[in-house]
1. Arrange the residues A:H443, A:H799, A:H210 by how much accessible surface each exposes, largest first, with a 1.4 angstrom probe.
2. For A:W709, which sequence-distant residues (separation of 5 or more, or a different chain) have an amide H within less than 5 Å of its own amide H, given hydrogens modelled in the peptide plane?
3. Using R₀ = 30 Å, calculate the FRET efficiency as 1/(1 + (r/R₀)^6) where r is the Cβ-Cβ separation of A:A398 and B:N296; round to 0.05.
4. Which listed residue (A:A96, B:A322, B:Q146) has the Cα farthest towards the positive end of the charge dipole for the protein assembly as shown, taking +1 on Lys and Arg C-beta and -1 on Asp and Glu C-beta about the Cα centre?
5. Let a ≥ b ≥ c be the square roots of the eigenvalues of the Cα gyration tensor of segment A:1-111; is it rounded (a/c under 1.5), or, if not, prolate (a/b larger than b/c) or oblate?
6. Nothing charged except the Cβ atoms of Lys and Arg (+1) and of Asp and Glu (-1): what's the magnitude of the dipole of segment A:172-299 about its Cα centre? Round to the nearest 20 debye.
7. If a/c stays under 1.5 just call it rounded; otherwise compare a/b with b/c (prolate if a/b is bigger, oblate if not). Do that for segment A:791-900, with a ≥ b ≥ c from the square roots of the Cα gyration tensor eigenvalues.
8. Which FRET efficiency value, to the nearest 0.05, do you get for A:E434 and B:Q146 by plugging their Cβ-Cβ distance into 1/(1 + (r/R0)^6) with R0 = 56 Å?
Amino acid sequence: MSNEFRLADGGRIDRDRPVRFDFEGQQLQGYAGDTLASALLANGVHRVATSNKYGRPRGIMAAGAEEPNALVQVEAPFPEPMLPATTVEVRDGLQASGLPGKGRLATEEDPARYDTMHTHCDVLVVGAGPAGLAAALSAARSGARVIVADADTEFGGSLLGSGQTLDGRAATDWVRRTTAELAEHPEVRLLPRTTVFGYYEDNYLVALEHRGDDASSRQRIWRMRAREVVLATGAHERPLVFSGNDRPGIMLAGSARTYVNRYAVLPGRRAVVFTTNDSAYAAAIDLHDAGVEIVAVVDAREVVSTYWASLCVERGIRIHASTGVVSTSGTDRITSAHLSSLGPEGNHPTSVRQVVTCDLLLVSGGWNPAVHLHSQARGSVRFAEDIGAFVPDGTDQAARSAGAVTGVLATGKCLTSGAEAGRDAARAAGFDAELARVPDSKHAPILAARHLWVVPGSGDSDGTTQFVDLARDATVADVRRAVAAGMDNVEHVKRYTTIGTAHDQGKTSGTLSTGVIAEVLGVGVGELGTTTFRAPYTPVTFAALAGRERGDLYDPVRVTAMHDWHVEQGALFENVGQWKRPWYYPHSGEDMETAVLRECYAVRSGVGMQDVSTLGKIDVQGPDAAEFLDLVYTNKMSTLKVGRIRYGLMCTADGMVFDDGTVTRTAEHRYLISTTSGGAANVLAHLEDWLQTEWTHLRVHLTSVTEHWATIALVGPESRQVLADVAPELDVDNDGFGFMTWQEGNVAGVHARVCRISFSGELAFEINVPWWYGREVWEVLMAGGRPYGITPYGTETMHVLRAEKGFPIVGQDTDGTITPHDLGMSWAVSKKKDDFLGKRSFSRPDTARTDRKHLVGLLPEDTNLVLPEGAQIVEQPELGEPPVPMLGHVTSSYRSAVLGSGFALAVVKGGRDRVGETLYSPVGDRPVPVTVTEPVFYDKEGARRDG
Amino acid sequence: MAPRTPGADLPEHPTWLWHSPDPKSSYDVVIVGGGGHGLATAYYLAVNHGITNMAVLEKGWLAGGNMARNTAIIRSNYLWDESAGLYEHALKLWEGLEEELDYPLLFSQRGVLNLAHSLQEKRDSVRRVEANRLNGVDAEWLDPQQVAEICPILNTSEDLRYPVLGATWQPRAGIAKHDHVAWGFARALDRMGVDLVQGCEVTGFERVGDRVVGVETTRGPIRAGKVAMAAAGRTSVLTDTLGLRLPIQSHPLQALVSELLEPVHPTVVMSNSVHVYVSQAHKGELVLGAGIDSYNSYSQRGAFHTIEREMAAAVELFPMFARAHVLRTWGGVVDVTPDASAIMGMTPFENLYVNCGWGTGGFKATPGVGWCFAHTVAHDEPHPLNAPFSLERFTTGALVDEHGAAGVAH
């Protein structure tokens, strides 16, 4: 087959650029500018897909995104499921097949890139048909920043397929000139192949641009914030409901006209046109003039337009008034239409029948304005009796609708309403806009339409082949069944029948189904209304929405100034929030446990070093900083002297531990607070929340300075010596540099703030230098520590060391249900302060209980055993039938180098009163005995702190 | 190509569902809210407690709120005893509900994987599994390889930004078809003579002192022996008329579906840190959800960036979803309490009972809620399973805090 249905000339395809594609194994030819649908029709392929539920043959119904039937699976260049053939551009190598209702996902990874653009504009024009182009022209000439977006490959909308004239010349000339002028305006951005699919609050609209498989990004999401929006989204033609209205070869009249005029394709040789309104006559005339035999125009109305009748008579086309197509024949394609006299409106149809052979049946039941975006933006709609469809009826957004979406169908009126909307939008955006002149169009008188929901007298009285929603195979019978079951609401009927839930979200079936439901219920269509319109207007790939946020870019990777060094040393990393933290540094042949035991031993016996730059750091400044910190920490920070450091706990309002860290007073009105690595952002948000909503009178400013400082923990009995070697100016003696104080001075030639704090119980110094110098200072310390066997260690060793000392980790040993008292840290809760976050909650009956879960230590009787973290604690060795009462759980558990055994921290009900008791922890299915201990396992006296 | 009929094997709805009566002037019990919880409560009031002079009042269309908007995941693998008790009771009811209601609920116990992506999530997951087992809830901890065996399309490679370090697995968890569940209850109620009144918005309460004796509605006053509230986010709006402030905040929660696809996804996968949850429904569409939108709102729509982030997570975990299409997004209103657990029980007002604050967990609890709330209303005291979920806990501090260690937002 080779384009035997292609007209010899005309159309907007590029005949110099033939393309070859494969449809279900057939090698076919089309042209650049073809859609897959137009190319298939040119090759005489009408049966494209198989219906979803009943497996019926389905063809091409429409010429755009509203297509309910012709769904294809693209196989090459890359598999993509369920695309309407009417929206797929043909290109060399395209391989596709018809879909039987379900799509297939590729098993290989999608190699394409997807990206996102952010933009603002004064006027966003959605749709570049006559109304949209006229609107853009008015707005653009005022100098406003205008974006024009249209789903199609070229601008022009209905003008591309209508063959009509403007100013006595081809309408496409006006489209070309208008587009060219718009392109010259520096503030105008034209976005063809771009579907605006979502309309969110405050004129935030999102669009999908198809950039092509060869582009640097295949698809692009545009996030657009518009001062003013013009919705020129057009209208979709409505099919008609009769028996067998789903056969291939049944096509919307306007779409058939598009195939002839735009693609130079004949969708058939011998056509019947069935309409309820004037618009299908233009299709009949155009198809006739292109060589299609129009066997009959079947008009449901009693009186037909004399204007169109005379054009038909000139061409010998016979019009059957008061007549309908009630059923069809054919299997893979329609072979005949069955006509019946409908009688006057409201009367019962007669049974007179006539069978007309044809290979094409054009249908038009009127036009449904594409109110989707208007409705998404919470605009209301009303039922317009004149067109038998819903039209926009007010919006709270800075938006206006223009053209066919308002229910105006004549081209001249669309142009005018567009030009006005563009001018008004530009003016509303502050520009001195004038009305662009619109070209003259031929104005045919419009005769009132007849609204037909189910064509009366359709032969299939049970309605099982009268399809309301072709995409879901939902029929009049289904609607009747739903109503008979008691459903009297469109939402319920939709859910009962699945109408409107397919890939097309009911673009052609929405109003129709409301009409059919209303008819079955015997109520007005306007009373029932529509179901809710939701984004996206047309389907959008997951990948486009994901954009660049995939793989390494899924979430930012944060690394410290010393990261490369850690990598070079073969560290393994732990994700902590967005940070990569060294987990441990295995030597060759070491497993994790061996490496961690070695690192732990090195710190306890000599000196170790950890990169703790990731700990959150917040600079707190202002005259009320002290008062503020007194409110957010459980302990008192206002009494902290400049030069000193205090450990602090933060609670949420319910009294539960939220975060912890150190508070360093650097000046009278200035503190530096540290947070956990993973909690930094939450802590800052929490503090800002209270500052900005509850304590607005406090003069305090918060600044995240985490990345300003690279921070090195130098830990172990030899740490003082190492520091002294590289920072000779610093007084590192215990007397001169006491625990929980800080000093400034040169460390390895870099100005540093050094703090005496310890999270391991060992003598330790925390050295803060500007981020830039982090690695340099780190390496100097490493070199300086070499004679002392300095050992870098990671988070795992840090965890073990602090657990041996019973220091909890917020988020590991706490879970949002643990108070400072539960942790045994009542010493950190001020009894003197009038108020602080959490204080009131400590007096609540449940929070004040003394038998709450307490942080305790556990020693498994089997000293070789390391309990699994997360293991539960029970009272008895026999578990019995569930539910088994649980006392608590293991929060941290390790093997200790200094203890020579496994040990754990746990939270246990009434734990502090159970010290010495034997409890049980189910490991696998075997409860193992454990002894409850104080949570401090090592150096209970704190003798090692000062070296 | 042989025609296939993938949709044909879905069961049809019955030929009769429910009447739409006008409200009577008086009932023994009035239930405010015709969603899943209201319908289930009415059902168990009728079946377990013999109360049928009852109306369920719905301001919109029946089961049109969160019941029509959720992602239909059912599981009971909650951390705390209180939650596990209630959700496991619900799951056991789910296991017999299809038969009891004689309605095809499409209840499919295909299991749920809750992924862990950090060492802390792993600890939390093991803790939850251990607690679940001791509570009689089926649960296992799986390593990445076992996860891959259950869900081969999941990206379990180590080069993921946040690799899958393992998952908890509850085999008895699964999905059901939300509308079918609501309609099953509604049909049963209609048969028992309970009035399901749609388009009837409760606007306030009739009271004598601290005793509630009826409700004011857009269709006139209705007297009631007892009033049970099951109106989710709207509950606090209503109790405000009584001067009773409830600790709930309403947020948008969005969900979305793809087109119909050939079966690729055998189970339910949920991830909190690569935040998305996804299953493939019976017809073949992927059903996805993620976290709540952070702002407060009663509008049943959310923000676009939430969807974008959710899709990034979906493609990150399931690379093969790249070219699946989002057909439709929508939003519900979820009412969230300070401890992320529900409120169910008595109020300071006599004959007024409250059930709200289910956040993102309401659907899976539906039959359990109905069972326990019905008990509460019928006996004028909470069922042991919902006693911990009292309103008083926010005063006493006996919270059931599910957003900490549970690590699971739904």
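1. A:H443, A:H210, A:H799
2. A:W771
3. On the way: r = 24 Å, r/R0 = 0.81.
Taking R0 as 30 Å, the efficiency between A:A398 and B:N296 is 0.80.
4. The residue sitting farthest along the positive end of the dipole is A:A96.
5. Details: a/c = 1.96, a/b = 1.32, b/c = 1.49.
Oblate is the answer for segment A:1-111, as a/c is 1.5 or above yet b/c matches or exceeds a/b.
6. Values: 16 positive and 17 negative charges, 78 e Å.
Its charge dipole is roughly 380 debye.
7. Numbers: a/c = 2.65, a/b = 1.24, b/c = 2.13.
Oblate is the answer for segment A:791-900, as a/c is 1.5 or above yet b/c matches or exceeds a/b.
8. Working: r = 70 Å, r/R0 = 1.25.
It comes to 0.20.
The values are calculated or read from the model by the stated rules, or taken from the named source; none is laboratory data. Treat the numbers as computed from the prediction; the structure is a model and nothing was measured. Don't worry about glycine lacking a Cβ; one is built from the backbone with ideal geometry, like all the others, and counts go over all protein chains shown. SASA here: full protein model, heavy atoms, side chains in, ligands and nucleic acids out. Shrake-Rupley method; radii C 1.70, N 1.55, O 1.52, S 1.80 Å.
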